[in-house]
Amino acid sequence: NGRLHGKRAIITAAGQGIGRASALAMAREGAHVFATDVNSDALASLQDEAKGQLETFAMDVLDVASVNEGISRAAPDILFNCAGFVHHGTIQEATEDDIDFAMDLNVKSMFRTIRAALPGMLERGTGSIINMSSACSSVIGAPNRFVYGTSKAAVLGLTKSVAVEYITKGIRCNAICPGTVDSPSMHDRLRATGDYVAALKAFVARQPMGRIASAEEIAALVVYLASDDSAFITGQPHVIDGGWSG
Ligand code: NAD
């Protein structure tokens, strides 16, 4: 059994990081999990780790045909929109291409997946949509996160709009706003600064708890929002940042 027994869940960007930890956690709670990503190698390694407890297939959230096909295959009760990219830099460093790409991957991807998932959720009268935002959004500003923070704030507007529209139809829509989380891309970002050790120290220094989060800690919140334990919660940004914005 488990808290997600009998539910079908699709996760975008489930190959690594928070999406992967959430796919594994949802499977442990008894959901029928469809873990998707553009990186097939990452999905294969997830499949090995999960030992047959979930399904994986390639889905590109930038491609509407790929999204429509994937969502129709999964017929989800739970949709976790996890895909997103972190651009580094200020408003003066950002290019038109940077902001277009971030809005496409971090925001418009959710427009695509939610539109594809809604008809089935409405038909069944149940659904939980969870959108990946960040503490760096309309919650707080962070240095060198202009494009990123702009796009993640848009996710909160999108979330509230969807929540209010379907509130009487059994469909909930929430966002999660993590602080810094240990993930493969976080290590890439630290390396990209040219001084990995100093950059890690700076990330940790802004955390009142003196540490960053694990992907599993974020996955626990995702499971809660996916489950009926959170049945009275919709339209909210759920900040999980070790006190960073507190
Ligand atoms: P990550 O950045 O390490 O991995 C991202 C995954 O997204 C990869 O597996 C990649 O293949 C996949 N991906 C890229 N383009 C895709 C596409 N077009 N379609 C489908 N999948 C695609 O993972 P992470 O750091 O856990 O980040 C996941 C989400 O969490 C992102 O939206 C990120 O902004 C957000 N987030 C991360 C942190 C953090 O500190 N790591 C903090 C707050 C929010």
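List of remarks:
- Against the numbered list (1) within 14 Å of the ligand (Cβ to nearest atom); (2) outside any loop (DSSP other than H, G, I, E, B); (3) surrounded by fewer than 16 Cβ atoms within 10 Å (Cβ to Cβ), LEU105 comes up short only at (3).
- Counting the residues of segment 26-48 that are away from the ligand (no atom under 14 Å from the Cβ) and among the β-branched types (Val, Ile, Thr) gives 1.
- Flag if ALA74 is of a type in the set (Gly, Ala, Ser) and more than 23 Å from SER133 (Cβ to Cβ): no
- Condition check for LYS169: in contact with a helix residue (DSSP H, G or I) (Cβ under 8 Å, 6 or more places away or on another chain) and farther than 23 Å from ILE240 by Cβ: yes
- For segment 19-42, taking the residues that are hydrophobic (A, V, I, L, M, F, W, C) and either out of contact with any helix residue (DSSP H, G or I) (no Cβ under 9 Å at 6 or more places or on another chain) or in a loop (DSSP other than H, G, I, E, B) (or both), the one that is surrounded by the fewest Cβ atoms within 10 Å (Cβ to Cβ) is identified as VAL38.
- Test: THR90 is within 13 Å of the ligand (Cβ to nearest atom) and of a type in the set (Val, Ile, Thr): no
- Within segment 181-196, the presence of at least one residue that is among the hydrophobic types (A, V, I, L, M, F, W, C), touching a helix residue (DSSP H, G or I) at 6+ places or on another chain (Cβ under 9 Å) and closer than 18 Å to GLY246 by Cα is confirmed.
- Residue match in segment 116-124 (condition: charged (D, E, K, R), in a helix (DSSP H, G or I) and out of contact with any helix residue (DSSP H, G or I) (no Cβ under 7 Å at 6 or more places or on another chain)): yes
- Test: ASN144 is at positive phi and more than 10 Å from the ligand (Cβ to nearest atom): yes
- Some residue of segment 215-225 being modelled with pLDDT under 95 and either crowded, with 16+ Cβ neighbours inside 10 Å or under 17 Å from the mean Cα position of the chain (by Cα) (or both): no
- Scanning segment 142-184 for residues that are among the basic types (Lys, Arg) and surrounded by 22 or more Cβ atoms within 10 Å (Cβ to Cβ) yields LYS152, ARG172.
- Residue within segment 53-62 that is away from the ligand (no atom under 12 Å from the Cβ), modelled with pLDDT under 95, over 28 Å from ALA153 (Cα atoms) and not in a helix (DSSP H, G or I) present: no
- Of all residues making up segment 162-221, the number that are among the aromatic types (Phe, Trp, Tyr) and near the ligand (Cβ under 10 Å from one of its atoms): 1
- Residues within segment 126-155 that are part of a loop (DSSP other than H, G, I, E, B) and either hydrophobic (A, V, I, L, M, F, W, C) or touching a helix residue (DSSP H, G or I) at 6+ places or on another chain (Cβ under 7 Å) (or both), tallied: 8
- Residue in segment 2-18 that is in a helix (DSSP H, G or I), in the same structural domain as PHE80 (by TED's automatic domain parsing), away from the ligand (no atom under 14 Å from the Cβ) and closer than 24 Å to ALA116 by Cβ present: no
The values are calculated or read from the model by the stated rules, or taken from the named source; none is laboratory data. Just so you know, these numbers come straight off a predicted model, no measurement behind them. For neighbour counting, all protein chains shown are included, and Cβ atoms are generated from backbone atoms with ideal geometry for every residue, glycine included.
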